[in-house]
Structures are given as structure tokens and as C-alpha cells.
1. Quick check: convex hull over the Cα atoms of the stretch 393-487, volume per residue in Å³, rounded to an integer?
2. How would you order 519-529, 562-572 from highest to lowest mean count of nearby Cβ atoms within 10 Å?
3. Which of the GluC sites (Glu not before Pro) found in the stretch 85-186 are loop residues per DSSP with 11 or fewer other Cβ atoms within 10 Å of their Cβ?
4. Around D512, what is the net charge, scoring Lys/Arg as +1 and Asp/Glu as -1 over all other residues with Cβ under 12 Å from its Cβ?
5. For the chain, what does the relative contact order come out to in percent, with C-alpha contacts under 8 Å and a separation of six or more?
6. Which residues in the stretch 89-111 place their backbone N less than 14 Å from a point set 7 Å from the Cα of D62 along the Cα-to-Cβ direction?
7. Show which aspartates and glutamates lie in cross-link reach of K334 when reach means a straight Cα distance below 15 angstrom and same-chain residues fewer than eight apart are skipped.
8. Report the extension gain between Q51 and E482 in nm, rounded to one decimal, defined as 0.36 nm multiplied by the number of residues separating them, less their alpha carbon distance.
Amino acid sequence: MTTPASARVLGLAAAAAFSIAAGIGPAQSQDDPHASGGSAAYVPSMTTLGQLELEIPGRKPDDPVITPEEFATASKVYFERCAGCHGVLRKGATGKPLTTDITRDVGYEYLRDFITYGSPAGMPNWGTSGELTEAEVDLMARYLLIEPPAPPEFGMAEMLETWELIVPVADRPTEKMNDIDIDNLFSVTLRDSGQVALIDGATYEIHAIIETGYAVHISRISASGRYLFVIGRDALINMIDLWMETPATVAKLKVGAEARSIETSKMHGWEDKYAVAGSYWPPQYVIMDGATLEPLKIVSTRGMVYDTQEFHPEPRVAAIVASHYRPEFIINVKETGKILLVDYSDIRNLRVTEIEAERFLHDGGFDSTKRYFLVAANARGKVAVVDTEIGELVGLIETGGGTPHPGRGANFVHPVHGPVWATSHLGDETVAVIGTDPDGHPDEAWTVVQQLYALGGGSLFIKTHPTSNHLYVDAPLNTDPEITGSIAVFTISELGVEEPEYQVLPIVEWADIADGQPRVVQGEFNMAGDEIWFSVWNAKDLESAIVVVDDRTLELKAVIKDPRLVTPTGKFNVFNTRNDVY
Ligand code: DHE
């Protein structure tokens, strides 16, 4: 394949939406080894924005002809495949800006060739890979010459219109009405059916399947353990009361058009008082009443990038956690690279500490003491560390691998280096082990003390538990089906050698699924920490499963199968999630 010289100049970035259910694998540029790895496959797809009906912006004299139908199709393609890197407003994120001053300068042919052939800088070859037809490439080239449409804002009036208090507090049970062991319950994302399954951690019985927003992303639990909050990619929050005879949604609220994160207040004295959600579009976070989801305060994240101090119009909200040391939410703003410590003790006089960290903050978790919060600035290959007791950045670590992706990370006591936290990577097989003990191991705190080598690139999640001697690493976005179907397990007490070996668990083989090419994703421990669950994530119309592994023997313990378990991905054990045990 040859790439036109013109196509090498613009440097458009990869925007391959990852969707196995739709059969859309990671798009690959043959020129770019990076684009064939997992990291290229893992960029936001603004799917729900793609469903909005948007007006064609006011025409300019030289605008190409585009019909309203074509415009709607092009907007959908743009939001689903391009906006993740180039931004909703086309002002750039990890990818270059595509504003009309730039696109009109380079012109139609250039854009058409660029979209067709891709670039070594990471832009997929949408045309030659067959992802887009010639007609679609032509349409997208014309679309980029027109002013971008702006999806609607979502202020208090719009939010209140979506708010449903299904069961008011006064009508809820005053005591637990079921015999479910709530602490050992798992909330399981059923991604493509828009539901969560509540599965018993001891009997594996499905207690409830609850309708949620589109492609639910994560579940979080209130500090008391009674309420479960889930958020869809369409920014719909369901608040579920686990005390009801059959747990069910008691309140709903839509906080925007695209979202990924939700959390609740955890500080002593503030338990269950507030919830907070962050959105990708509009770029903002919302503090809500913790018992009803009534929206109380909306705060925009638009503002200056931490280092260049240039304005960014759409900095997305990534991970949010709740401090255990202060009444604060820790809110990570992707494009501006700022970690916000939002003091919720007086939301009318809101105090926000703005920490300069690094751009492209994504996911992270606490160290074992819950004092330090570690978050990946993924596209920068770094992990930022905040001391949540004093409210300052105390470390910014190059992880040494390509695109760190920790989930919430894994905490354990290393035989040589003491307390550590680890992350795996999307871009390669390395696991960075980072010292987290400034008192006991001051020279090693916030440095990479060891690099492990697991199955391969395309890892998303790593997991252990305080009672476990094992560290589990997945690789669901690898290109080799044998790797995506397996888990690497390191024995923690044996990590004291230079290149520790790992065992391989053939999870997909254990699941015994006849059709499809499922991937293993996200290990989650039960409350006791003696078993770990893995999702075997297949296409929407094929059988999926959850495989339960005995942590002590590393043998298969159970396979949970049920026709209702459609595309299980994230799993959240109530006790571990509530107490930040990972
Ligand atoms: Fe996630 C966590 C964003 C794709 C499963 N994901 C997160 C968080 C963010 C995020 C910001 C941290 C939330 C927090 O802690 O508050 N995820 C994104 C994306 O933008 C991205 C790349 C593309 C998109 O369009 O959404 C994306 N994520 C995926 C998937 O394809 C996964 C594998 C399957 C799925 O269900 O969609 C997936 N993400 C998860 C899971 C977590 C998560 C399971 C929580 C892990 C944990 O243990 O805490």
C-alpha cells in the first residue's frame, strides 16, 4: 500500500471505535505498527452523540453541497469514529484539529486521500481497510469542509426534565427487605443490552436484571452499601436500592449526552449525602442529592490546558473517586490535564483545588492506604499521584510502557519493594510496578520499582486482593485470539527475581463457548478475596459467560451462563467497590 505524500502531512489521529458486538474490530493502518496495537482500538466513540439530530450550521459561500440526510449520516460517522480523537467540535484532542480554517486550506482531494489511506501518525486507513466505502469517504471529506455542528448543552432545565424520582425516600423500605448478602453481590455490566445483572457472590444466582442507560460503563456503591449507581454512555444514571425485596431503580437522571463516570461521597459524616457524575459531552460534572439524584450543582470543565494555558472547549471528565481523607471528590479532566479536588462540604460556596497533572487523564485508583490516588495520563505514558490528605501532586511517573491502563490498579506487598501499586498497558505487554510507601521505602516511592512482562499488548485491567498472593493481567484488545482468551497470573511472593514468570489461565477454553471469538476482560474479586470472576465477552447475539477462578488453587471453580448474560464486561463487587479494595 502506498500513502500519498499529502496524507503524511496533516497527521490526523486514529479513531477506531472498539465494538466487537457490531463486528467492528480495531481499524489498522498497515503503515503504523502503533495503530495495529490495542491502544489504537481504545478511543472514545461518542455513540450517543451520533444519534442526535443536528442542524447543518449556517452555510458559507464555498460550502460543498450536502443534503440534510447526508449531513445526518456524516455526523453519526464523525461522532462514532472521529470525535474521540479529533474532538466533538473538531478542535483536537489526542488527534489534530479539523476546523474549517485547516480543512479548507488543505482541500477536498487531500482530505479524501487522507481518510482513504490513513497516516503513519496513527490515522487509520478507513478507505483501504474497507471500514468506509468510497461514497462514505467522499461524504466525510465534504462534511469536514463545513462548519462542525455543536451538540446541545445540558443545563439545569434540561437535566430536571429528565429527572425521575420513581420511589421517593419516604416510600422506600426502612430496613433491608431481602436476604441477599449485599456485601458479596456483583453488579455486572451487560453492555449491549443496556442492563446490569445483580449476581450473588456465593450462589451465582442472578437476583435481578435491571434496565439502564445505553452501554452502561461503571457501577459505584454508596458509602453505606445500600445504593448502587450505574451510568450509561448516554449519561443516564440509575440509582438502585439494594434493600428492596427485589432491588430496583428508585431514581433516574440524565446528566448530558455522553458520560463514563459516577461516584458517591465517602468521607466520614458525609456517607450517602451526595453523588457526582462527570460527562464527556457537555464537558461538565454534576453534584446530585445522594438519596434522590436531584441535580444540585453543575460545573463546567471548559478552560485552560494545564501547561500551554490555551483554552480547551471540551475537556472530558474521566475517572472520579471520593476522598476518604476530606469531603472531596477527585475529578480527572482529560484534555486540560487537571485533577480537581472538589470540596462538597459547602456546595454553594464551592471550593475547587486545581492540580496541574498531565494531559489525557483516564482511569486510576487509590494505593492500599487510600491516601494516595494514582491516575494514568494514558496518551502521555505517565501516572500522576495525588496525596489526598494534603491535596497536592506528589509524583508524575513515566511508566516505561505504551499507554498505561490500570482500571483501578492493583495494590500488593512486593517481597523486595514493600507496598506497591501496578498498572498494565494497552500498547505492550509490560506491567509497571510502582512504589507507594514514602515512609517505609522513601527512595522508591512514586518510581517504577519493577517491570513485569505479561501476555501481550492490549491489556485493560489488572487485579489482586489483600488476601491473595496472585496478580492477574488481562489482554482483551490483543490481536491474537489465544491471548485475548487468556489471563496471565503472577505469584506475588515470587516477584523478587529479575524476570518473574507467569502462569496462563485459558479462561475462554474453560467457558466452553461454541461460537464466536470471545475476549476475557476485567477480573473482580469476591468479598473474601478467595475467588476472582472474569467476563468472557462475546458478540451480542452469541453466548457469553462469567468464569469464576479459585484464587488459592488457580483452578476453575464455576462458569456462570444464562441467556440473559448478554455481553458482560465490567463487574463490581459491592464490598470491594465501596471500600476501594483492589
Ligand atoms: Fe471504559 C472505566 C472511559 C471503553 C470497560 N472507562 C473507565 C473509566 C473511564 C472510561 C473514564 C474510569 C471511570 C471511573 O473510574 O470513574 N472506556 C472509556 C472510554 O472512553 C473508552 C475508551 C471508549 C468508549 O467509547 O467508551 C472505554 N471501557 C471501554 C470498553 O470498551 C470496555 C472494555 C467495555 C465496556 O463495558 O464498554 C470498558 N471501563 C470499563 C470498565 C471500567 C472502565 C469495566 C471500570 C474498571 C474498574 O475496575 O474500575
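Read-outs throughout are calculated quantities, based only on the coordinates presented, and are distinct from any laboratory measurement. Bear in mind the structure is a predicted one, so any value in this text is a computation, not a measurement. Because the Cβ atoms are built from the backbone with ideal geometry, glycine has one as well, and the counts that use them run over all protein chains shown.
1. Numbers: hull volume 8.9 nm³, N = 95.
It is 93 Å³ per residue.
2. Working: 519-529: 23.1, 562-572: 19.8.
Averaged packing, sorted descending, gives the order 519-529, 562-572.
3. Working: sites: E109, E131, E134, E136, E153, E158, E161, E164, E175; in loops: E131, E153, E175.
Here the sparse-neighbourhood loop sites are E175.
4. Values: positive: K561; negative: E509, D515, E543.
After counting each charged neighbour, the total is -2.
5. Values: 1649 pairs, mean separation 56.8, N = 582.
Relative contact order for the chain comes out at 10 percent.
6. 100-111
7. K334 reaches E258, D307, E310, E314, E354, E356, E358, D363.
8. Values: separation 431, 0.36 × 431 = 155.16 nm, distance 3.53 nm.
So the extension gain works out to 151.6 nm.
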